[in-house]
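A.B. asks: Can you read through this structure? Questions will come right after.
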Amino acid sequence: MKSEEIKIREVVLSNEFFNYYNGLNVKVQDKYIYALQLIETLKVVSEKFIKKIQNTEFYEVRVSVSTNEYRTMFIAVDNPNFMEATKVILLNSFLKKDNKQYKKEITKARAILAKEELL
């Protein structure tokens, strides 16, 4: 991160995200680092990297490497609107295969929040 960039948002990592991240190859990890720096330093982040999951309280970090689409569910802690939040928690991650997968991943994200009492 450039020294003149000021963090406007804290990013908290769940154990599930941390374990997933550590299992990724370096190229994907680098792309995640870039996306997380955007989250920390920009009020408005492009939908290329952050997208609201419709009809839920969750957002997703979107990382694309080659033809693979990596996703990480997260929640804005202190404001329901990501742009106004000063803290977010990264929950579960997955390699996107299809849209049907989201229902299962949303359930998993809610379970992580309940289990780890991260809020």
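A.B. asks: I'd like the Karplus ³J(HN,Hα) series for region 76-87: coefficients 6.51, -1.76, 1.60, θ = phi - 60°, whole numbers in Hz, and an x wherever there's a Gly or Pro.
C.D. replies: Those phi angles translate into 7, 7, 9, 6, x, 9, 3, 5, 9, 6, 10, 8 Hz.
A.B. asks: Could you list the trypsin sites (Lys or Arg not before Pro) in region 37-119 that lie in coil according to DSSP, counting only those with at most 14 other Cβ atoms within 10 Å of their Cβ?
C.D. replies: Counting only loop positions with at most 14 other Cβ atoms within 10 Å, the trypsin sites (Lys or Arg not before Pro) in region 37-119 are 43, 48, 97, 100.
A.B. asks: What value in Å³ per residue do you get for the convex hull of the alpha-carbon atoms in the chain?
C.D. replies: Residue-normalised Cα hull volume stands at 107 Å³.
A.B. asks: Mean Kyte-Doolittle of at least 0.5 plus a Cα span of 30 Å or more along the axis: flag which DSSP H helices in the chain meet both, please.
C.D. replies: Span-like helices, by this rule, are absent here.
A.B. asks: Please list, in chain and number order, the residues 5+ apart from residue 96 or on another chain whose amide H is under 5 Å from its amide H, with Hs placed from the backbone.
C.D. replies: So residue 96 has HN proximity to 69, 70, 71.
A.B. asks: Moving on. Specify the longest stretch of the chain that does not include any exposed loop site, a site being one of the GluC sites (Glu not before Pro) with a non-H, G, I, E, B DSSP assignment and at most 16 other Cβ atoms within 10 Å.
C.D. replies: For GluC sites (Glu not before Pro) (loop position, at most 16 other Cβ atoms within 10 Å), the longest site-free span of the chain is 58-116.
A.B. asks: Let me ask something additional. Which whole-number percent is the relative contact order of the chain (Cα, under 8 Å, 6+ apart)?
C.D. replies: 25 percent
A.B. asks: Any aspartates and glutamates with Cα under 13 Å of the residue 87 Cα? List them, leaving off those in the same chain fewer than 8 positions away.
C.D. replies: 10, 40, 78
A.B. asks: For each pair in 51/108; 43/115; 27/48, compute the distance between the two Cα atoms and list the pairs where it is over 21 Å.
C.D. replies: 43/115
Here, each number is a calculation from the coordinates, and none is a lab measurement. Being a predicted model, the structure only gives us computed values, none of them experimental. As a convention, Cβ positions derive from the backbone with ideal geometry for all residues, glycine included, and neighbour counts pool all protein chains shown.
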